[in-house]
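Below is one structure; the comments refer to it alone.
The values are calculated or read from the model by the stated rules, or taken from the named source; none is laboratory data. Keep in mind that what you see is a predicted model, and the values were worked out from it rather than measured. Positions of Cβ are generated from backbone atoms using ideal geometry, with glycine treated the same way; all protein chains shown enter the neighbour counts. SASA here: full protein model, heavy atoms, side chains in, ligands and nucleic acids out. Shrake-Rupley method; radii C 1.70, N 1.55, O 1.52, S 1.80 Å.
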Amino acid sequence: MATLTRLLTQGRSGTRPVDEVPPLKRLLPLGIQHVLAMYAGAVAVPLIVGGAMVGAGQLQQSDIVHLIMADLFVAGIATIIQAVGFWRFGVRLPLMQGVTFAAVGPMITIGVNHGITTIYGSVIACGLFMMLLAPVFGKLIRFFPPLVTGTIILIIGVSLMRVAAGWFGGGTAEGADFGSPAAIGMGFFTLGVIIAIERFAPESLRRVSILLGLLIGTVVAVPFGMTNWDHMGDYGWVGFVTPFQFGLPTFEISSVVALLIVAIVIMTETTGDIVAVGEIVDEKITPQRLGDGLRADGLGTVIGGVFNTFPYTAFAQNVGLVAITGVRTRHVATVAGIILVLLGLLPKMAAVVEGIPLAVLGGAGVALFGMVAASGVRTLAKVRFTNTNILVVALSVGVAMLTEAKLYYTDRSLSDSPVNVSLDLYHQFPDWFQTIFHSGISAGAIAAIVLNLLLNTGSRDTDEGDLAAHDAPRGALPDPLDALRAADPSTPPEDLDDLAHKRPELHTIIVTNPSTDVSTCEWIKEQGNPQVDQVYQKWDEVTEGRFSRRSRE
């Protein structure tokens, strides 16, 4: 007990900054800051998928409260696994875990066509697939250059904008009242609040601009009677998330395939985030360590399927927060994970979120999903846009948007009274085909991967600009494949020398690789990079000067 008290009050030093444990009075505010930075994005997915399932008759409105609780609860568990780690699970870096937007479209399609339990069966299969693929994914990352990942992220953001538009109008279930001036006005007010915070607020508040927009928009909506918390009394202050709340999972082949595609997207996203945060906290990301992080993603996703939530990935906005705060200990994420678990045990808190006016969510959604799309554009900014690469992006986005095509007409032959009919583009295709291709996200992802393989025959068509690792929420610099090669001791010395001349942002990694030639290390030191000098100084302190001498021995 005394040891725990000393740990909480005084902290504990570590051999590496990432292992240090600051005192609780410093850890707690930082953990809360990480939770606030991700909270709006974390609760968006259960609101989107839950709302769609309510509309399809698969869930009751009150079930959305359970989805929000389960989402936060499992996000906390997944974050702790990633930050603390055990055996071969967890990258042991300050990474926050949250539900990915990449799975939203496919999951809605699966739920509408096959039921809510099929979503969770597919999520569990998705997580198992990620754990099996984790050890070898580093070798497959070359199939997902910034051209592919940027295009997919752009498609995710653009596809979700339809959801934001529905919220903006007050909700598609409102019928003739959809798009009322009051709803549109509240949506633009919320968006205006977010813009004002971004323009005038200090950096600490800009990091949570969307969350603050939700809070202020909701408060302003109260006197207009736009909030609905009539059912708050139905929920206790403390509750527990129940596994398989909606029944045992169902496994359907085409649904599983749709989420396996999402799994590859998730692993690509997480790879970029792991490499980025590794560079920020000065930790070498080896193929084995990358596999441990991806395996933790898979385990978190399996746990999500058991507790009725969705696939998990590293949250990129928290990567930028690590860079801004300069706090490199992974236990900031550990504390944030504990906070998320506690939030997942508060039904009334989830009920408050469920009662936020849809118009307010719409204003925040336009900003949130637009930022996802902009992240894709930022990743694509690293690509040299040859005619071939332009075609890859254009066709992939086009194929994704085809799924938005619908035909609405009135059929008077089906019954005595006219019947309104809505037909999707692929309604005449087999059920398995519709499950995979009805979602623009999965259709666009398949198109981007296949087109890149067909049209780019092994040439590297990406040029990276002068960006910091934390600048890109997805596909973060440096390129994950190059970073893995720079850290891998099995990489030939001549390849390391080539990387050193082509990728100066990898110098801090290359000089620590035991396979790097003496001449390469000396050339890197001659470039005068202060970060390289810091690496030498740090390792000399640990090795009593042997690190610098090794190049002369």
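When L248 is tested against (1) open to solvent by less than 10 Å² (accessible area, probe 1.4 Å); (2) touching a helix residue (DSSP H, G or I) at 6+ places or on another chain (Cβ under 7 Å), only condition (1) is not met. Here is a check on your reading of the model: is L299 of a type in the set (A, V, I, L, M), out of contact with any Pro (no Cβ under 9 Å at 6 or more places or on another chain) and in the same structural domain as G326 (by the TED database)? The answer is yes for L299.
State the number of residues belonging to the range 42-66 that are part of a helix (DSSP H, G or I) and farther than 18 Å from G166 by Cβ. If you could, list the steps in order and put the result at the bottom.
Kept after step one, since they are part of a helix (DSSP H, G or I), are these residues of the range 42-66: 42-55, 63-66.
If we keep only those that are farther than 18 Å from G166 by Cβ as well, we get 42, 63, 65-66.
Count: 4.
If you go through the range 385-392 one residue at a time, do you hit one that is outside any helix (DSSP H, G or I), farther than 20 Å from Y39 by Cβ, over 17 Å from the mean Cα position of the chain (by Cα) and not charged (D, E, K, R)?
Of the range 385-392, the ones outside any helix (DSSP H, G or I) are 385-386.
Going one step further and asking which of them are farther than 20 Å from Y39 by Cβ, we end up with 385-386.
Remaining after also requiring over 17 Å from the mean Cα position of the chain (by Cα): 385-386.
The next check asks that each one be not charged (D, E, K, R); those that pass are 385-386.
Scanning the range 385-392, I find at least one residue that is outside any helix (DSSP H, G or I), farther than 20 Å from Y39 by Cβ, over 17 Å from the mean Cα position of the chain (by Cα) and not charged (D, E, K, R), so the answer is yes.
Within the range 251-271, identify whether any single residue is touching a residue at least 24 places away in the same chain (Cβ under 8 Å), open to solvent by less than 30 Å² (accessible area, probe 1.4 Å) and closer than 23 Å to D19 by Cβ, and answer yes or no. The answer is yes, given that some residue of the range 251-271 is touching a residue at least 24 places away in the same chain (Cβ under 8 Å), open to solvent by less than 30 Å² (accessible area, probe 1.4 Å) and closer than 23 Å to D19 by Cβ.
Considering the range 1-41 alone, what residues qualify as being part of a helix (DSSP H, G or I), hydroxyl-bearing (S, T, Y) and modelled with pLDDT under 80? First the steps, then the outcome.
Taking the range 1-41 as the starting set, the residues that turn out to be part of a helix (DSSP H, G or I) are 2-10, 17-19, 24-41.
Then keep just the ones that are hydroxyl-bearing (S, T, Y); that gives 3, 5, 9, 39.
Passing the criteria: T3, T5, T9.
Restricted to the range 416-447, and to residues that are among the small types (G, A, S) and open to solvent by less than 30 Å² (accessible area, probe 1.4 Å), which residue is modelled with the highest pLDDT? Here the residue is A447. All of (1) open to solvent by 20 Å² or more (accessible area, probe 1.4 Å); (2) assigned to a helix (DSSP H, G or I); (3) acidic (D, E) hold for D282 with one exception: (2). The set of residues from the range 497-512 being within 31 Å of the chain's Cα centre (by Cα) and over 13 Å from V532 (Cα atoms) comprises L499, K502, R503.
Which residue is nearest to M349 (Cα to Cα), if the candidates are limited to the range 45-68 and must be of a type in the set (G, A, S) and out of contact with any Leu (no Cβ under 7 Å at 6 or more places or on another chain)?
Narrowing the range 45-68 to residues of a type in the set (G, A, S): 50-52, 55-57, 62.
Applying the additional criterion that residues be out of contact with any Leu (no Cβ under 7 Å at 6 or more places or on another chain) yields 51-52, 55-57, 62.
Details: G51: 18, A52: 21, G55: 23, A56: 25, G57: 25, S62: 13 Å.
Within the range 45-68, the match that is nearest to M349 (Cα to Cα) is S62.
Taken together, the criteria exclude G304 from residues that are assigned by the TED database to the domain that holds A40, farther than 17 Å from A44 by Cα, of a type outside the set (A, V, I, L, M, F, W, C) and not in a loop (DSSP other than H, G, I, E, B).
For the range 329-343, does any single residue satisfy the condition of being of a type in the set (V, I, T) and over 16 Å from G31 (Cβ atoms)? Before you say what the answer is, go through the steps one by one.
Taking the range 329-343 and keeping what is of a type in the set (V, I, T), we get 329, 332, 334-335, 338-339, 341.
Checking the rest, the ones that are also over 16 Å from G31 (Cβ atoms) come to none.
No, that holds for no residue.
Within the range 452-469, being within 24 Å of the chain's Cα centre (by Cα) and modelled with pLDDT of 80 or more holds for one residue alone: N452.
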